[in-house]
Protein chains: 2
Amino acid sequence: MRISELSRVTGVPVPTIKFYLREAILAPGRRIATNQAEYDESHVRRLRLIRALAEVGGLPLATVRDVLRAVDDPDLPMHEALGIAHRALAPELAEQDDPAVAEAHTEVDRFLDRLGWKVSPDAPARNELAVALATLRHLGWPHANTRLFEHYARAADRLAAREVERTTPTGATRSEMMERVVIGTVVFDAVLSALRRLAQEHRSATQPVAPRSADPLDGATGT
Amino acid sequence: MRISELSRVTGVPVPTIKFYLREAILAPGRRIATNQAEYDESHVRRLRLIRALAEVGGLPLATVRDVLRAVDDPDLPMHEALGIAHRALAPELAEQDDPAVAEAHTEVDRFLDRLGWKVSPDAPARNELAVALATLRHLGWPHANTRLFEHYARAADRLAAREVERTTPTGATRSEMMERVVIGTVVFDAVLSALRRLAQEHRSATQPVAPRSADPLDGATGT
């Protein structure tokens, strides 16, 4: 297909496609004339992945490029490519000199060891957990230790087992698998977060326990 | 305690505390002289909550004020106050005129009805789910419908049941409960997201299935 057709199919404007081509984020089409190139399904899929990373994942273009390099590198073991994608998709946390975070980091490492999880020692998620733990402590959360994470770890592991299975259907190419993993990480993070908020609202609306104060908990709603 | 002591205990600088007082985000202390006031544990807890919302939750000050108003309003049913907090903590999504999102919205509403969840009709999480579903479709995700959300909903509900129980210990005041819920939403969202990434990396590193291409999946790591 021509670039105009590629634009129509993907909804990405022609000037944007040309920009991605110049930036070498999108592979060039097959040249059929001095000023014309032919594009195929691989371009459609790649454009959709770029848009997902940029718009759903909110990644800057330089990061999109790094993730795509990992997706495309056939020598990179799959779970290392995954690590690179996760690193790019992880929220940016300020560097922490806080000794409370350093202490929490050690506890998080021990916790992951206990779980028997095989994860990169520099996975940014370790630091996210350490910051979360230090924050809970700082806020005076009762019994703030990694035992609080256990139920979340179990839920995450159950979901991840299905997710990894789902992303490796028989006959999928490595690149297709990586695309699925990247999209799945970004989109289903949003899904899980949204559902957790809804479930909390639901559980809070329907729970029978009343707080100590005499305020009506639930009486004002008409359900 | 004096303002200097309040600053020491919470780690919040005195000028910042004075700013919060001027902005009426923090209640004034008990006046003991023309230019001196006495603060107590309620100020410590409130300051920590403000910092959690602003720093962990990344909320602008005006939003922090809205959430605190909901926390403090004794007439607001608990789960409605929770809805306000969740609305504030939800990621900002651009207004969607996309008919695909509108269609997905209807499906999401039906899905939540089927689950029997009692949630506000204008909960922003509904829109987040609709955008996620439309995105999956747009990216050509196979069988993109709300059935994909079922496992996530089950996991979210299991966690929420514990979370709501945990935030309502016997003897906690309404304000303490709300503080816990808000902190829990922000911090444990980060925890769950981090653990899901780690679990995916772990499951991907240890899964036995090889992709179609002949690339080594796991051989390069020394474990």
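The values are calculated or read from the model by the stated rules, or taken from the named source; none is laboratory data. Because the structure is a prediction, the values reported are computed rather than measured. Every residue, glycine as well, gets a Cβ built from its backbone with ideal geometry; the counts of neighbours run over all protein chains shown.
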Of those in the stretch A:117-143 that are among the aliphatic types (A, V, I, L, M) and modelled with pLDDT of 90 or more, the residue nearest to B:LEU195 (Cα to Cα) is A:LEU129
Per the filter on the stretch B:125-145, residues more than 8 Å from every other protein chain (Cβ to nearest Cβ) and surrounded by fewer than 20 Cβ atoms within 10 Å (Cβ to Cβ) are B:ASN127, B:ARG137, B:PRO142, B:HIS143, B:ALA144, B:ASN145
Members of the stretch A:144-177 that are at pLDDT below 90, among the hydroxyl-bearing types (Ser, Thr, Tyr) and within 18 Å of the chain's Cα centre (by Cα): A:THR167, A:THR168, A:SER175
If you scan the stretch A:5-47, which residues turn out to be farther than 18 Å from B:GLY140 by Cβ and in a loop (DSSP other than H, G, I, E, B)? A:PRO13, A:GLU23, A:ALA24, A:ILE25, A:ALA27, A:PRO28, A:GLY29, A:THR34, A:ASN35
Scanning the stretch A:27-57 residue by residue, those more than 24 Å from B:ALA132 (Cα to Cα) and surrounded by 15 or more Cβ atoms within 10 Å (Cβ to Cβ) turn out to be A:GLY29, A:ALA37, A:GLU38, A:TYR39
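One residue is enough: does the stretch A:103-122 have a residue meeting the conditions within 19 Å of the chain's Cα centre (by Cα) and of a type in the set (Gly, Ala, Ser)?
yes
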Are there any pairs with C-beta distances below 6 angstrom linking a residue in the stretch B:175-196 that is of a type outside the set (A, V, I, L, M, F, W, C) to a residue that is outside any helix (DSSP H, G or I) and at pLDDT below 75, with the two at least 6 apart or on different chains, and if so which? B:ARG180/B:THR167
Can you tell me how many residues in the stretch A:58-116 are modelled with pLDDT of 80 or more, exposed (fewer than 13 other Cβ atoms within 10 Å of the Cβ) and touching a Ser or Thr at 6+ places or on another chain (Cβ under 8 Å)? 1
